Amino acid sequence: MRIPWEMRIDVQRETNADGTSLAIEAASHGGYSGPGSFHFTLRGDMVERLEIH
């Protein structure tokens, strides 16, 4: 199966001391390009929840 678009995500900076909130810049062909953020909820050393804004 071929994905019709590609996306590159570059982390710009950590936005909290825990490193669970990241400011990113997305570049896409056929989709969204621009700023965004990832927010992680961790349980131990595993990601329990990932929010993409």
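Charges only on Cβ, +1 for Lys and Arg, -1 for Asp and Glu: so what's the dipole of the chain about the Cα centre, in debye to the nearest 20?
Numbers: 5 positive and 8 negative charges, 37 e Å.
Charge dipole of the chain: 180 debye, to the nearest 20.
Judged by the gyration tensor of its Cα atoms, with axes a ≥ b ≥ c, segment 6-52 is prolate; a/c meets the 1.5 cut and a/b is the larger of a/b and b/c.
Each reported figure results from applying straightforward, stated rules to the coordinates on display, with no laboratory input. Nothing here was measured: the structure is a model prediction, and the numbers come from that model. Cβ atoms come from the backbone with ideal geometry, glycine included; neighbour counts cover every protein chain shown.
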